[in-house]
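As structure tokens, the structure follows; a few thoughts come after it.
The values are calculated or read from the model by the stated rules, or taken from the named source; none is laboratory data. The structure displayed is predicted, hence computed values, not measured ones. Note that we place each Cβ from the backbone using ideal geometry, even for glycine, and neighbour counts take in every protein chain shown. The accessibility values were calculated without ligands, DNA or RNA, using every heavy atom of the protein model including side chains. Shrake-Rupley method; radii C 1.70, N 1.55, O 1.52, S 1.80 Å.
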Amino acid sequence: MPDDETQTPTLNRGPAARTSHDTRAQSHGTGAQQLPGAAEGPAPWLLRLIAVGLVLAALNLRPAITSLGALLEEVREGLHMSGSVAGVLTSVPPLCFAVFGVMAPRLARRFGAGAVVCAGMAAIAVGLVVRPYIGSTAGFLAASALALMGIAVSNILMPVIVKRWFPDRVGTMTGLYSMALALGTALAAAVTVPVTGALGGNWQAGLVVWAVLAAIAVLPWIVLVRDRTPAPGQPSPSPGPAATNASEAPALRITRSRTAWGLACFFGLQATAAYITMGWMPQIFRDAGVSAGTAGLLLAVTMAMGVPLAFVIPRVASRLKQQGPIVVVLGLCGLIGYGGLYLAPAAGAWAWALLLGVANCAFPLALTMIGMRARSGAGVVRLSAFAQSTGYLLSIPGPLLVGVLYQHSGGWGLPIALMAGLMIPQMVAGILAGRDRTIEDEC
């Protein structure tokens, strides 16, 4: 699942937790010896190759979305999309993440996590090649869904790869690919418009160039196609603590936990804000008179805020018993940013982009809280699956509703008011989810 599993080693500091972690790490290390040439453990060259694969995969987890946001106006005109249909297009990412993300653990058990990530990178490349030239709105949506399917399964399984191959460096490797993810997000937002201009202003060419990066990312993962090590949190054939936890997990009725529902709502509302931002913020600035290139740079600034804050926020949050104060600070930054977009979108564009970038860092906070709100590894996996799948489903209507309001009101006043209004329940849900308790206590 997401980065939630990677939080567990730093949060469970008791002797029993350390013993369990050491047992799991030893079992993962033993599994690493299954590949040829790894008789005494994974060879250094193999670990370096996997690290490169993680970075390349992370770089590809958002460009399909942010590159489209930068050229949304050109795509709408080229495919004769209405504002409502464009809203559907910006709602496709969370829908695909909710639907296809649920399939990732099952696919990993059958084919191996490395093979699924390899296939995910290939799906991204094919989807990005096909969608600009398919010539219809329905085809564009279908090809986008193919690319997003690859993103969904890869996004969920990359932390599994980290825990499998780097059990003693989970924090370092998670930080590495989190930084690469934010970098890829910002890079696509910043350079898509200039690259399109350099290619003669053809929006199809501007979108298809990102398929090259995805195709390159396939190569390192070919080595892991035959790796069949079970994902963390999955039942183990041999008796032991991991098997016991896995067998106990189904007894946890997570839907009875207020904290689980609070986390699901918080995750869904922050995802709503993130996908509205990625899909519509450049258009808001362009309609205010900002050039297309500058609008892309503003989105890049917003996304780039996640690079440093993805390291800072989890560390601060893990030191606090309650994460409500951080939730409130991020929410207030969002409210001020949306207020600025409403009152002076062009005059204070850079300030609003920075503030909204801080607000969008609710994502690493949500992942951190998922790791803190369960005592066992199996509980973390179940909480993560529930919070993220439910949250992504909750986030689907947001970008669509923004498109409808924009089309029928003829301006950005109502959509921005909606974005600002959603920050209030996000803060309430975050405060509820940030209380010092676990789902095991509540269930």
Check whether at least one residue in the stretch 432-440 is more than 16 Å from the chain's Cα centre (by Cα), assigned to a helix (DSSP H, G or I) and at pLDDT 90 or above, and report yes or no. yes
Of the residues in the stretch 86-117 that are among the aliphatic types (A, V, I, L, M), surrounded by fewer than 20 Cβ atoms within 10 Å (Cβ to Cβ) and at pLDDT below 80, the one that is nearest to S178 (Cα to Cα) is V102
So if I check each of G31, G37, which one is surrounded by fewer than 19 Cβ atoms within 10 Å (Cβ to Cβ), at pLDDT below 85 and not in a helix (DSSP H, G or I)? G37
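Can you pull out every residue in the stretch 407-443 that is farther than 30 Å from R373 by Cβ and open to solvent by 40 Å² or more (accessible area, probe 1.4 Å)?
The answer is Q407, H408, S409, G410, L414, A417.
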Selection from the stretch 318-333 of residues that are open to solvent by less than 40 Å² (accessible area, probe 1.4 Å) and modelled with pLDDT under 85: S318
Quick check: anything in the stretch 127-148 under 19 Å from A98 (Cβ atoms), assigned to a helix (DSSP H, G or I) and at pLDDT below 80? no
R286 vs. criteria open to solvent by 10 Å² or more (accessible area, probe 1.4 Å), in a helix (DSSP H, G or I) and either touching a strand residue (DSSP E or B) at 6+ places or on another chain (Cβ under 9 Å) or farther than 30 Å from D436 by Cα (or both): yes
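If I ask for residues that are open to solvent by 10 Å² or more (accessible area, probe 1.4 Å) and not aliphatic (A, V, I, L, M), which ones from the stretch 254-269 would you list?
Once the filter is applied, which keeps residues that are open to solvent by 10 Å² or more (accessible area, probe 1.4 Å) and not aliphatic (A, V, I, L, M), the stretch 254-269 yields T255, R256, R258, W261, C265.
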